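Below you'll find the structure, written out as structure tokens, and then a few comments.
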Amino acid sequence: MRPLALLFLLALAACNGDKPGEWSLFVYADAADHQKWQRTDRFQSEGMCRQAGEEAVAALPDPARAGFECRRTGPPA
């Protein structure tokens, strides 16, 4: 999957409804190196965030090395 298409899918998943979400997804191409990451905000639930994380990792060139985490970020100011 192309990176642009992946970002579109993640953004689409984050835009469910009018209420902004409180969860952020952090994807690491190398789970052992957390210096390089991509963040997607505004997921409305941890479940939506985790599903997007699994899909994002599966789309990476080496999913066995990749990882992700979902963090509650609170409502936008």
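The values are calculated or read from the model by the stated rules, or taken from the named source; none is laboratory data. Only a predicted model underlies this, so the values are computations on that prediction, with no experimental measurement involved. Glycine gets a Cβ as well: all are built from the backbone with ideal geometry, and neighbour counts include every protein chain shown. Note: accessible area is taken over every heavy atom of the protein model, side chains too, but ligands, DNA and RNA are not part of it. Shrake-Rupley method; radii C 1.70, N 1.55, O 1.52, S 1.80 Å.
So the values come out like this:
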read-out: In segment 37-60, the residues that are acidic (Asp, Glu) and within 15 Å of residue 73 (Cα to Cα); value: 41, 46
read-out: Residue count for segment 21-36, restricted to those that are in contact with a His (Cβ under 9 Å, 6 or more places away or on another chain) and under 17 Å from residue 72 (Cα atoms); value: 1
read-out: Members of segment 23-70 that are open to solvent by 40 Å² or more (accessible area, probe 1.4 Å), of a type in the set (S, T, N, Q) and not in a loop (DSSP other than H, G, I, E, B); value: 38, 51
read-out: Top-ranked residue of segment 9-22 - restricted to ones that are surrounded by 11 or more Cβ atoms within 10 Å (Cβ to Cβ) and over 15 Å from residue 54 (Cα atoms), ranked as modelled with the lowest pLDDT; value: 16
